[in-house]
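Peer 1: Have a look at the structure that comes next, please.
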Amino acid sequence: FDYSIGLSEMFGIYAGIWASSVDFQDGDQAKVEIDYYGGVTAEYEGIGIDVGLIYYTYPGASSGLNYDYVEGKIALSYSPIESVSLGVGYNYSPDYFASSGDFHYPNASIEYTPELGLPLPLTLSATYGYNIIDDEAAFGARDYQDWSAGIATSYKFIELKLQYIDNDLGGSIGDPTAVFTVSASF
């Protein structure tokens, strides 16, 4: 769930909550991840900026595991032409998941909405990120790359999106997967 307010033509603020099931396969009681987030956005001359904070929580996990953590983010976007959006971002946590120290996440994205003459628009997307973890032993994996490719369409206030998501860890942190999302904006 997201809520955003446009403060002016250039500035906005947002806040939200996101949840997903999790399976750490370690006998821990955490079965869900709940994230709380908020931030400020601005746009000028086709360049957008998003600065925010995310608080990741794992209800049911033993407090000694130190799964919960805070992460800051900054993202820039630019649309050189109407049908293309480019993005770069950087996320940072000073005390990442399971007390694994500093975490850095530089990332990039692209979206393309071609003019196909179809009754509904199709948007193609791709992302790439590099996860840099200070204490790999505490985290349980080495630094790794992740990427996704997706296709989306929308009708009025409903969006449908299908994504393929993968990483270079060979299944040690999530197997390759497809995610189908239905969202509504009003």
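The values are calculated or read from the model by the stated rules, or taken from the named source; none is laboratory data. Keep in mind that what you see is a predicted model, and the values were worked out from it rather than measured. Methodologically, a virtual Cβ is constructed for each residue, glycine included, from the backbone with ideal geometry; neighbour enumeration extends over all protein chains shown. Just so you know, the surface numbers come from the protein's heavy atoms only, side chains and all, with ligands and any DNA or RNA stripped out. Shrake-Rupley method; radii C 1.70, N 1.55, O 1.52, S 1.80 Å.
Peer 1: Select from the range 34-47 the residues that are open to solvent by less than 30 Å² (accessible area, probe 1.4 Å) and under 19 Å from Ser63 (Cα atoms) and list them in ascending order.
Peer 2: Asp35
Peer 1: Go through the range 22-38 and report how many residues are modelled with pLDDT of 90 or more and small (Gly, Ala, Ser).
Peer 2: Residues that pass the stated criteria total 1.
Peer 1: Tell me, which residue of the range 81-96 that is surrounded by fewer than 17 Cβ atoms within 10 Å (Cβ to Cβ) and among the aromatic types (Phe, Trp, Tyr) is farthest from the chain's Cα centre (by Cα)?
Peer 2: Tyr92
Peer 1: Could you grab me the full set of residues in the range 127-141 that are in contact with a Phe, Trp or Tyr (Cβ under 6 Å, 6 or more places away or on another chain), surrounded by 15 or more Cβ atoms within 10 Å (Cβ to Cβ) and not β-branched (Val, Ile, Thr)?
Peer 2: Those that are in contact with a Phe, Trp or Tyr (Cβ under 6 Å, 6 or more places away or on another chain), surrounded by 15 or more Cβ atoms within 10 Å (Cβ to Cβ) and not β-branched (Val, Ile, Thr): Gly129, Asn131.
Peer 1: Looking for something of a type in the set (D, E, K, R) and either in contact with a Gly (Cβ under 9 Å, 6 or more places away or on another chain) or open to solvent by less than 40 Å² (accessible area, probe 1.4 Å) (or both) - is there at least one such residue anywhere in the range 142-150?
Peer 2: yes
Peer 1: Regarding the range 39-54, can at least one residue be identified that is farther than 25 Å from Ile5 by Cα and polar (S, T, N, Q)?
Peer 2: Checked the range 39-54: no residue is farther than 25 Å from Ile5 by Cα and polar (S, T, N, Q).
Peer 1: When you look at Phe180, is it open to solvent by 70 Å² or more (accessible area, probe 1.4 Å) and outside any strand (DSSP E or B), yes or no?
Peer 2: no
Peer 1: If the Cβ limit is 6 Å and pairs must be 6+ apart or interchain, which residue in the range 4-23 that is within 29 Å of Pro59 (Cα to Cα) and open to solvent by 70 Å² or more (accessible area, probe 1.4 Å) pairs with which residue that is hydroxyl-bearing (Ser, Thr, Tyr) and assigned to a strand (DSSP E or B)?
Peer 2: Ser4/Tyr14
Peer 1: Sticking with this structure for a sec: Would you call Leu116 farther than 25 Å from Ala141 by Cα, assigned to a loop (DSSP other than H, G, I, E, B) and open to solvent by 30 Å² or more (accessible area, probe 1.4 Å)?
Peer 2: Judged against the criteria, Leu116 is a match.
Peer 1: Within the range 53-62, does at least one residue satisfy the condition of being over 22 Å from Tyr92 (Cβ atoms), in contact (Cβ under 8 Å) with a residue 24 or more places away in the chain and open to solvent by less than 40 Å² (accessible area, probe 1.4 Å)?
Peer 2: Checked against the condition, which is being over 22 Å from Tyr92 (Cβ atoms), in contact (Cβ under 8 Å) with a residue 24 or more places away in the chain and open to solvent by less than 40 Å² (accessible area, probe 1.4 Å), the range 53-62 yields at least one hit.
Peer 1: Could I ask something else about it? Considering only residues that are under 13 Å from the mean Cα position of the chain (by Cα) and among the aliphatic types (A, V, I, L, M), look in the range 107-130 and name the one that is farthest from Ala178 (Cα to Cα).
Peer 2: Filtering the range 107-130 for residues that are under 13 Å from the mean Cα position of the chain (by Cα) and among the aliphatic types (A, V, I, L, M), the one farthest from Ala178 (Cα to Cα) comes out as Ala108.
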